[in-house]
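The structure appears below as structure tokens.
Every number in this text was worked out from the coordinates using simple rules, so none of it is lab data. Just so we're clear, the structure is a prediction, and the values are computed from it rather than from any experiment.
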Amino acid sequence: MSSTEIAPHEAFEVHGLLQLKNICALKMSGLIDNVADPKLRLILETELKSSQEQIKELREFIQQSEYEIDYLS
């Protein structure tokens, strides 16, 4: 696996984005159980799935960089 070349400040920004995505995904997963409207529930489920994919991609990107942090594993 080759190292992705990003600057330290870029790695910091990606970590911040990853934290934000994690918080949003956790909040959405908690909200889904309380939603009665099927259309709104479908929107939240779709958004949650999309967020989970983005989280996975961000983690893989960070793991390929030289700035990987242990808590991502």
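In this structure, the amide hydrogen of I6, modeled 1.01 Å from its nitrogen in the peptide plane, lies closer than 5 angstrom to those of E66, counting only residues at least 5 positions away or on a different chain.
Please state the shape class of region 17-63: rounded when a/c is under 1.5, otherwise prolate if a/b exceeds b/c and oblate if not, all from the C-alpha gyration tensor. The shape class here is prolate.
Can you return the aspartates and glutamates within cross-link range of K21? Criterion is Cα-Cα under 20 Å, with same-chain partners fewer than 8 residues away left out. Straight-distance partners of K21: E10, E13, D33, E45, E47, E53, E57, E60, E68, D70.
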